[in-house]
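What follows is a set of notes on a single structure, which appears directly below.
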Amino acid sequence: MATPMFRFDPVELPPEAIKLRGEVREFIREHKDAMGFTRGEHNPEFSRAMGKKGWIGMTWPKQYGGHERSSFERYVVIEEMLVAGAPLSAHYTGDRQSGPNILRFGTEEQKSYFCPKIAAGELTFCIGMSEPNSGSDVAGTRTRAAKVDGGYRINGSKLWTSNAHNSDFAILFCKMAVTEEQANDRHAGATQFLLDLKSPGVEIRPVINLLGEHHFNEVFMTDVFVPDHLLLGKEGNGWNQLTSELSFERSAPDRFLVFFQMLQQMLRMAGPDPDKATAVALGKLISQLATLRSMSVSIAGMLAEGLQPNNESAVVKDLGTRYEQDIPVVARQLFWSEPEQEAIDLYASMIARTTMNAPRLSIQGGTREILRGIIARGLGLR
Amino acid sequence: MAIREETRMLLESMGRLFEDLCTKQVVDAAETGIFAADLWQAVSETGVPLAALPESAGGADAEWSDLYAALRVAGRYSAPIPLAETMLAGWIASSAGLELADGPMTVGPVRASDKLVLTRDGNGWRLNGTASRLPYASHAERIVLIADGPDGEMAVSLEGSAAPTPEKGKNIANEARDTLVFDNFHVATAARLPNGVGRAALYRRGALARATMMSGALERAMDLAVSYAQERVQFGRPISKFQAVQQNLAVLSEQTAVAVAASNLGIQSLGCGDVEREEFQIAIAKARVGEAATLACELAHQVHGAIGFTKEYSLQLATRRLWSWREEFGSDPEWAAKVGTYFCSKGADNLWQILTGD
């Protein structure tokens, strides 16, 4: 066959990962009541407890606070946490992409300072990519960095910055001045910094989402000084670094387990002996979920081999969000309820939350159209 | 996780064999009703059809996972031969200690609603009932059937030429699907089946065979669509340069990847020794592949435009098989209902634990 086929080899989890699963479930049982799980909640205490268990930065070198465990073990921890609805947001971005990016491009000093703190659940990172006029088109960033004595001066703004108000640092993507020859190269001058969000000149303002909740922020930077030692990687290498960061972001198994508890609730409502139409509808969703999971384990296998499964990750994210968005659609066909966000009736509140959250799934972390563009490139079409 | 070396070599050699011998002319000729004897002969000589059997029974003790992977290659080439059926017939007959043929075989019943009954008649047996739409029954040297005997399921192995005259039928890919009616039909030998081998096991392994062949047919449809889009020029450039077409091809490739992954999920369950797990993982496979095929066929045709709708062009060899196979050994809604029923009976709180299996 001439066409490149995406690779999803069947992979069985190794015994150490299976053994770890029991431990994770035990930990979740212990913490569930004490910590009051809510989807995606910022809970530094819980993150520190996970850090103590060695479940953040699991695959990183021990030298930098990591635990040198396998991609499969990390996979198991994350999927169990997501299924339980554990509050991960105080460490998740750092664990998933900021830490790995620092390990890959950072200086010895940066690796030694930041990574152990992330792994301990003591340092929260957010992503400084999107801007008001630069969403999917990240290369169009307008935030500017200029070299000054001892560091850089940064001006501009970021938008849709999830969790910035709870974060210590952002990995900031911006542009530096380019030569005339580089004027037509949209990736020229791109540079990343480790931005301390407490720096003078940084202002964080909430952007309330359609559920009335505060996750997003707008981050303004006015003459913010970033010292030389917080430049990440090299000046002008930012595009390359960002591509790598996005591949860390997209290869995580968190693109099809966001609404898992809604699926469980639908099973509960269907009861032990559902009619045929209900059984078909639920069976389809479970079949999609099981297949996505096997594809995601396959990706963990490729990561364990040291590969960068960018195309495969885009495939799973696109399919995963489609599946998740179908959950409230199928739910309302099976079980009627008027959605109410704070309803006492669990189902009414779940259908409200899943319906309203559904649109974001195929936007964050790369829109559906961008992902399909990546896949098309993988097929050799672009 | 690397694919085993033996598997890789087997798949490469099967791929070469089909590339050389399973051309469009061969498939077209088979669709007129003439059995693809040369192709069968070549495949038979590889030993693959009976490779799962123990060496003592003329097999090679091969892994079922390898043989299913070979079925994917057969599906990719629209192979008009009863490869899956012969593998399954050999498995049932040898499990029961019955006679096999070196030639093409078929197996049944393939429909859940069919019923065959065996009753004692002196030293022999009488067989009654209908086996609908047995694949390639009119070309089979042996027909292996499972029937209800006085003390449970039993197998019989009939010589093709001695079986009742089949009512010929075909699926929309013009593959023979022949119905056999048994009216007090005399059978000399019938044999009990060992635990774990019976109609339910045949039905699900047949479903997995179709799901796996479908994943191969989808690989072919996708390959054709991607290649065609890069060659076909409209508005002064290859249509693959248009974003609308790229997005369709991206979705087609996703659905193809899903079909391969879902069928592998079924294949992975074969060696697990847990019948319940095998049943639900195969149910997931057939349900998910059928759903993927429906969308993927639509997109593969859309990308091709009118040429894909012709008999001359190869796309239809894949899509007509996909539209046939998705209904055989249980449709995707039928298997999805089994998945839903199974997990509902286990309760919502056990869903994740059962899916992860640990």
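Annotation note: Cβ proximity below 7 Å between a residue of segment B:88-115 that is surrounded by fewer than 17 Cβ atoms within 10 Å (Cβ to Cβ) and a residue that is in a helix (DSSP H, G or I) (sequence gap 6+ or interchain) occurs for B:E99/B:A93; B:D102/B:S44; B:A112/B:Y203.
A search for C-beta distances below 6 Å between a residue of segment A:3-16 that is more than 7 Å from chain B (Cβ to nearest Cβ) and any residue that is of a type outside the set (D, E), counting only pairs 6+ apart in sequence or on different chains, returns A:L13/A:F72; A:P14/A:F72. Where helices (runs of 4 or more DSSP H) fall entirely within segment B:295-358, those with at least 1 residues that are closer than 15 Å to A:L263 by Cβ are at B:332-346, B:351-356.
Is it the case that some residue within segment A:278-289 is charged (D, E, K, R), within 10 Å of chain B (Cβ to nearest Cβ) and more than 30 Å from A:S244 (Cα to Cα)? Yes, there is a match, as at least one residue in segment A:278-289 is charged (D, E, K, R), within 10 Å of chain B (Cβ to nearest Cβ) and more than 30 Å from A:S244 (Cα to Cα).
Quick check on this structure: which one of B:L127, B:L134, B:L180, B:L193 is within 23 Å of the chain's Cα centre (by Cα) and more than 24 Å from B:S44 (Cβ to Cβ)? Explain how you work it out, then say what you get.
Working: B:L127 fails: within 23 Å of the chain's Cα centre (by Cα); B:L134 fails: more than 24 Å from B:S44 (Cβ to Cβ); B:L180 fails: more than 24 Å from B:S44 (Cβ to Cβ).
Within the list B:L127, B:L134, B:L180, B:L193, the selection yields B:L193.
The set of residues in segment B:231-242 being more than 10 Å from chain A (Cβ to nearest Cβ), more than 14 Å from B:G308 (Cβ to Cβ) and of a type outside the set (G, A, S) consists of B:V233, B:Q234, B:F235, B:R237. Just a yes or no: is a residue in segment B:71-80 at pLDDT 95 or above, on the phi > 0 side of the Ramachandran plot and buried (at least 24 other Cβ atoms within 10 Å of the Cβ)? Taking every residue of segment B:71-80 in turn, at least one turns out to be at pLDDT 95 or above, on the phi > 0 side of the Ramachandran plot and buried (at least 24 other Cβ atoms within 10 Å of the Cβ).
Out of B:V258, B:V289, B:V245, I need the residue that is facing another protein chain (nearest Cβ under 10 Å), at negative phi, part of a helix (DSSP H, G or I) and surrounded by fewer than 24 Cβ atoms within 10 Å (Cβ to Cβ). Which one? Exactly one of B:V258, B:V289, B:V245 is facing another protein chain (nearest Cβ under 10 Å), at negative phi, part of a helix (DSSP H, G or I) and surrounded by fewer than 24 Cβ atoms within 10 Å (Cβ to Cβ), namely B:V245.
With respect to the conditions (1) closer than 30 Å to A:H42 by Cβ; (2) polar (S, T, N, Q); (3) more than 7 Å from chain B (Cβ to nearest Cβ); (4) surrounded by fewer than 22 Cβ atoms within 10 Å (Cβ to Cβ), A:N237 falls short on a single one, namely (1). Could you tell me how many of the residues in segment B:4-39 are surrounded by 14 or more Cβ atoms within 10 Å (Cβ to Cβ), out of contact with any Ser or Thr (no Cβ under 8 Å at 6 or more places or on another chain) and within 14 Å of another protein chain (Cβ to nearest Cβ)? Total meeting the criteria: 3. Pairing residues of segment B:215-230 that are more than 9 Å from chain A (Cβ to nearest Cβ) with residues that are of a type in the set (S, T, N, Q) and part of a helix (DSSP H, G or I), at Cβ distances under 8 Å and at least 6 apart in sequence or on separate chains, gives B:S215/B:T256; B:S215/B:S263; B:A217/B:T319; B:L218/B:Q255; B:L218/B:T256; B:A221/B:T256; B:A221/B:T319. Look at segment A:194-238 and say how many of its residues are over 20 Å from A:S162 (Cα atoms) and basic (K, R). Count: 1. Within the set A:S70, A:S47, the sole residue that is surrounded by 17 or more Cβ atoms within 10 Å (Cβ to Cβ) and touching a helix residue (DSSP H, G or I) at 6+ places or on another chain (Cβ under 6 Å) turns out to be A:S70. For segment A:334-382, the set of residues classified as within 14 Å of chain B (Cβ to nearest Cβ) and over 28 Å from A:A314 (Cα atoms) consists of A:L334, A:F335, A:L346, A:Y347, listed by residue number. Within segment B:57-82, the set of residues being in a helix (DSSP H, G or I) and either without any contact (Cβ under 8 Å) to a residue 40 or more places away in the chain or in the same structural domain as B:E159 (by TED's automatic domain parsing) (or both) comprises just one member, B:L67.
For the residues A:L334, A:L267, the requirement of being modelled with pLDDT of 95 or more and in contact with a Phe, Trp or Tyr (Cβ under 8 Å, 6 or more places away or on another chain) singles out A:L267.
Within segment A:322-343, identify whether any single residue is touching a Lys or Arg at 6+ places or on another chain (Cβ under 6 Å), touching a residue at least 40 places away in the same chain (Cβ under 8 Å) and not β-branched (V, I, T), and answer yes or no.
Step one: list which residues in segment A:322-343 are touching a Lys or Arg at 6+ places or on another chain (Cβ under 6 Å), which gives none.
No - not one qualifying residue is present in segment A:322-343.
Could you list all residues from segment A:1-31 that are of a type outside the set (K, R), part of a loop (DSSP other than H, G, I, E, B) and under 25 Å from the mean Cα position of the chain (by Cα)?
A:F6, A:F8, A:D9, A:P10, A:V11, A:E12, A:L13, A:P14
Of the numbered conditions (1) under 18 Å from the mean Cα position of the chain (by Cα); (2) crowded, with 21+ Cβ neighbours inside 10 Å; (3) within 14 Å of chain B (Cβ to nearest Cβ); (4) closer than 21 Å to A:V83 by Cβ, A:R322 fails exactly one; give the number of that condition. Answer for A:R322: the failing condition is (2). Restricting B:G124, B:G169 to those that are at pLDDT 95 or above, within 26 Å of B:V27 (Cβ to Cβ) and in contact with a strand residue (DSSP E or B) (Cβ under 8 Å, 6 or more places away or on another chain) reduces the list to B:G169. Would a scan of segment A:34-43 turn up a residue that is modelled with pLDDT of 95 or more and either farther than 29 Å from A:N357 by Cα or part of a loop (DSSP other than H, G, I, E, B) (or both)? No, that holds for no residue.
Here A:S162, A:S136, A:S199 are screened, and the one residue that is in a loop (DSSP other than H, G, I, E, B), touching a helix residue (DSSP H, G or I) at 6+ places or on another chain (Cβ under 9 Å) and at pLDDT 95 or above is A:S162.
The values are calculated or read from the model by the stated rules, or taken from the named source; none is laboratory data. What you are looking at is a predicted structure, and each value in this text was computed from that prediction instead of being measured. Cβ: placed from backbone, ideal geometry, glycine included. Neighbour counts: every protein chain shown.
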